[in-house]
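Rule-based calculations on the coordinates, nothing more; no lab input. Note that the coordinates shown come from a computational prediction; the quantities given were computed from them, not determined experimentally. Reconstructed Cβ throughout: ideal geometry from the backbone, glycine too, with neighbour counts over all protein chains shown.
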Amino acid sequence: RERYINIKNTIRVLLENNILPVVNENDTVAIDELKVGDNDNLAALVALVCEADCLIIFSDIDGLFDKDSRSNPDAILLPEVKEITEEIYAMAGVTTNVIATGGMKTKIQAAEKASENGIDTYIVNGTKKGALEQLLEHKNPGTHFIASQNIIKAKKHWLKHTLKSSGKVY
């Protein structure tokens, strides 16, 4: 919790001084004590710390499809997700990208973290020209995970998504 508060204060001061922080987890040098595991979940945590209005996750795919769009040409892009359920996670499938750490599953995890804290989250294809411009024009080129109106308190969110258990109950 203390690290979370320190990060929050650091980012707040950077933003107040018109400094845009770039946060990236470099898997080759990250140590286990500080490792989040993937940049999607790291982005969600940074969005929470910054109290962002919106989180945009760029991918090499248009968004969340009802099934694997690479092997199913009839797959349908879901433009909007109101609630993240087990069925939504099942649509993620597994990644086939050798350089990816989690694929669509980690993007959904990140969207869940952010959206349950009132942050609208978008997964869009960052390789397509104009994706960001479309978002700025209030057009959705990908999948929009609707921000929850029932925001959980920061400490409960920390307990649910950040705290790692270190004991056993017998």
Note to self: Over 26 Å between Cα atoms: which of K107/K128; K67/K139; K8/K129 fall into that group?
What the structure shows: K8/K129
Item checked: Inter-probe distance in nm under a simple model that places probes 7 Å from Cα toward Cβ, at T10 and E83 -> 3.8 nm
Check: How do 140-147, 80-87 rank on mean C-beta neighbours within 10 Å, highest first?
Finding: 140-147, 80-87
Next item on the list: Please sort 70-77, 56-63 by packing, taking for each peptide the average over its residues of neighbouring beta carbons within 10 angstrom, highest first.
Entry: 56-63, 70-77
